[in-house]
Amino acid sequence: MANNISGVDGAPSPALVVSVGAGRPIQRPQDAASGGANADKSNDGSENVQITGTARQLADLDQHVRNLPDINEEKVAQLRAAIEQGTYQIRSQHIAEQLVSLERSLGSLGD
């Protein structure tokens, strides 16, 4: 049983076909600007979607971040040892500068 949802079965969607000349239908090309996918038909009727280099880089970066540990155990051990030894120094000026910087960055997102 074949499903036909807006031309997904391989037939062009009626909204994409217009009559030209002697009643010959032509299919309007689709691209990213008009909301269509950048797809090519292969010999077996399936569609091949091409991913841009930027999208591929984002996917690789996303996977890399997902592979990182949630907690930097080495850093935690260093901080724990410094606190236990009484050598950990709180740099309040640095913390304040970082908070102000973060606030400015977040504030510019609303622009």
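The values are calculated or read from the model by the stated rules, or taken from the named source; none is laboratory data. The shown structure was predicted, so the numbers you read here are calculated from the model rather than taken from an experiment. Please note: Cβ atoms are built from the backbone with ideal geometry, for glycine as well, and neighbour counts cover all protein chains shown.
For the stretch 48-67, the set of residues classified as surrounded by fewer than 10 Cβ atoms within 10 Å (Cβ to Cβ) and hydrophobic (A, V, I, L, M, F, W, C) consists of V49, V65, listed by residue number.
Contact map, the stretch 98-109: residues that are of a type in the set (V, I, T) paired with residues that are at pLDDT 95 or above, Cβ distance under 7 Å, separation 6+ or inter-chain. No pairs are found. Condition first: small (G, A, S) and either at pLDDT 95 or above or surrounded by 10 or more Cβ atoms within 10 Å (Cβ to Cβ) (or both). Now tell me which residues in the stretch 68-111 satisfy that. Hits for the stretch 68-111 are A77, A81, A82, G86, S92, A96, S101.
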